[in-house]
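The values are calculated or read from the model by the stated rules, or taken from the named source; none is laboratory data. Nothing here was measured: the structure is a model prediction, and the numbers come from that model. Please note: Cβ atoms are built from the backbone with ideal geometry, for glycine as well, and neighbour counts cover all protein chains shown. What goes into the accessible areas is simple: the full protein's heavy atoms, side chains included, and nothing from ligands, DNA or RNA. Shrake-Rupley method; radii C 1.70, N 1.55, O 1.52, S 1.80 Å.
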Amino acid sequence: MKTFYIKTLGCKVNSYESEFIRNSLLNEGYKEVSENADVCIINSCTVTNTADNKSKQAINNIKKNNPNAIVVACGCFCQFRKDNIEELIKADIIIGNKNKSKILEYIKQFEKDHKRIIEFSDMSNEPFEDMEIKRFGSHHRAFVKVEDGCNNFCSYCIIPYVRGRVRSKDFNKCIIEVNDLVISGHKEIVLSGIHTGQYNSDRKRLSDLINELSKIELLKRIRLSSVEIVELDEGMMSIIKNNNKFVSHLHIPLQSGCNKILKSMNRRYDLEYFTNKVNEIRSYRKNISLTTDVIVGFPGETEADFQDTYNYCKNIKFAKIHVFPYSDRNGTVASRMTNKVPRNIIKERTRKLIELSNELEKEYFEKFINTEVEVLIEEYIDGYYYGFTDNYIPLKLKGDYNINEIYNVKLNKEDINFDLN
């Protein structure tokens, strides 16, 4: 029996695509292993220079440690470095962000003639690449990729160049895939994309999709991987207000709490807009969990600018801040800016914002102590059941529960899984 191994770097969209590849190989009779595989696949990331280096290192190390394996490299790093990729990595099959769904065909071709395969496409005009997953092997919540690409061109980001422009999965195909996943036992679905809020299939928007999915009786929760503040249109606000299957959690990237930096980043809102929208969201769901991304040390960020960001995050009371120290991404506008912040200052600002995030997270979690919460049990390890509430509080429970079932529990402080964060 042939064996395979998949290493996934980067975002939830990559995770979805890797799961499709995994299922394709399992259906072909392959066995999944953790090392010494006949076929090794690396789904790469290029969001930062560091991600580039990790991708390159992972590919070459896997080839070195598995000299007799067929090594497949795909994804954003390969796409971005396509002009000199032959010199950078030693993989047998190298593709970018097109035809990940056809990796099994590439493997069969290589097995037949043993000729190195390198194929890339111009992603700027590619249609949505259909994939369908009927069951996630390692998750009780299932991800569904409904959108790909980005049109925003933030000054620090390379993703529009390697993922292409916004395009969406057919509306009816989304419904079929989610229905199949629910039949397989998944109670929670996470709608994912590079820019999920830009979903548009034959003039049906994200809110139309969520409302239609809500009609699936056995589907209990609908979650978004991320959404931009400017994409929370009237339809989405109605979802937040009225749809009880839509969870009380939104991840909304802020990136900076300083209007000067937001403009330099080419973000499409200011703080007044962001604040007003957050206040509207909370008027519909008072205790919703709002998490965010913030880039620290963007070129031109002064100490006063950082303090503005710190104070803004503190005042908004995000439930968690994912803090990203700025690093140049070759090929972006920001990488050519001259007023760079020294690394030691970026490191110190990152530390301060992470500390604030930990404080805010604890404050948010503890609001729910001695209240009844709904938890989806996901796994059992060493005497404890683990799961998440609909507003994404991680729980670690003693008791008698069933995996993949939803329970109402009275939350005690010791039930909160602070170790996860």
Inset, instruction - Exactly one condition in (1) over 19 Å from GLY197 (Cβ atoms); (2) surrounded by fewer than 20 Cβ atoms within 10 Å (Cβ to Cβ) is not met by LYS245; state its number. - result: (1)
Legend entry - LEU191 open to solvent by less than 10 Å² (accessible area, probe 1.4 Å) and either within 19 Å of GLU129 (Cβ to Cβ) or in contact with a Lys or Arg (Cβ under 8 Å, 6 or more places away or on another chain) (or both): yes
Inset, instruction - Could you please find all residues in region 27-63 being surrounded by fewer than 20 Cβ atoms within 10 Å (Cβ to Cβ) and either assigned to a strand (DSSP E or B) or without any contact (Cβ under 8 Å) to a residue 12 or more places away in the chain (or both)? - result: ASN27, LYS31, GLU32, ASN53, GLN57, ASN61
Inset, instruction - Answer with yes or no whether ASP328 is surrounded by fewer than 20 Cβ atoms within 10 Å (Cβ to Cβ) and more than 30 Å from ILE222 (Cα to Cα). - result: yes
Legend entry - Qualifying residues in region 291-327 (those that are among the small types (Gly, Ala, Ser) and at positive phi) - the one nearest to the chain's Cα centre (by Cα): GLY297
Legend entry - Residue check for LYS98: open to solvent by 60 Å² or more (accessible area, probe 1.4 Å), closer than 21 Å to ASN14 by Cβ, of a type in the set (Lys, Arg) and modelled with pLDDT of 95 or more: yes
Inset, instruction - Being outside any loop (DSSP other than H, G, I, E, B), closer than 19 Å to GLU105 by Cβ and open to solvent by 20 Å² or more (accessible area, probe 1.4 Å) narrows it down to one of PHE20, PHE4, so name that one. - result: PHE20
Legend entry - Single residue of ARG336, ARG351 found to be without any contact (Cβ under 8 Å) to a residue 24 or more places away in the chain, open to solvent by 10 Å² or more (accessible area, probe 1.4 Å) and more than 17 Å from MET265 (Cα to Cα): ARG351
Legend entry - Of all residues in region 256-280 being buried (at least 20 other Cβ atoms within 10 Å of the Cβ) and out of contact with any Ser or Thr (no Cβ under 8 Å at 6 or more places or on another chain), the one that is farthest from VAL190 (Cα to Cα): PHE274
Inset, instruction - Please work out which residue is farthest from LYS134 (Cα to Cα), limiting yourself to region 1-40 and to residues that are of a type in the set (Phe, Trp, Tyr) and in contact with a Lys or Arg (Cβ under 7 Å, 6 or more places away or on another chain). - result: TYR30
Inset, instruction - Check ASP83 against each of (1) more than 19 Å from ILE158 (Cα to Cα); (2) open to solvent by 10 Å² or more (accessible area, probe 1.4 Å); (3) not small (Gly, Ala, Ser); (4) not in a strand (DSSP E or B) and name the one condition it does not meet. - result: (1)
Inset, instruction - Of the numbered conditions (1) modelled with pLDDT of 95 or more; (2) open to solvent by 50 Å² or more (accessible area, probe 1.4 Å); (3) within 30 Å of VAL162 (Cβ to Cβ), ASN408 fails exactly one; give the number of that condition. - result: (3)
Inset, instruction - Could you list all residues from region 101-141 that are in a helix (DSSP H, G or I) and in contact (Cβ under 8 Å) with a residue 12 or more places away in the chain? - result: SER101, ILE103, LEU104, TYR106, ILE107, PHE110, GLU111, MET123, SER124, ASN125
Inset, instruction - Just one of (1) modelled with pLDDT under 95; (2) under 21 Å from the mean Cα position of the chain (by Cα) trips up PHE418, so point out which. - result: (2)
Inset, instruction - Search region 212-242 for residues being open to solvent by 40 Å² or more (accessible area, probe 1.4 Å) and closer than 23 Å to ASN266 by Cβ, and hand back the single one that is nearest to the chain's Cα centre (by Cα). - result: VAL230
Inset, instruction - Being open to solvent by 40 Å² or more (accessible area, probe 1.4 Å) and over 26 Å from VAL162 (Cβ atoms) is the filter here, so list the residues in region 289-325 that pass it. - result: THR302, GLU303, ALA304, GLN307, ASP308, TYR310, ASN311, LYS314, ASN315, LYS317, LYS320
Inset, instruction - With the checklist (1) of a type in the set (Lys, Arg); (2) without any contact (Cβ under 8 Å) to a residue 40 or more places away in the chain; (3) assigned to a loop (DSSP other than H, G, I, E, B) in hand, flag the one item ARG268 doesn't pass. - result: (2)
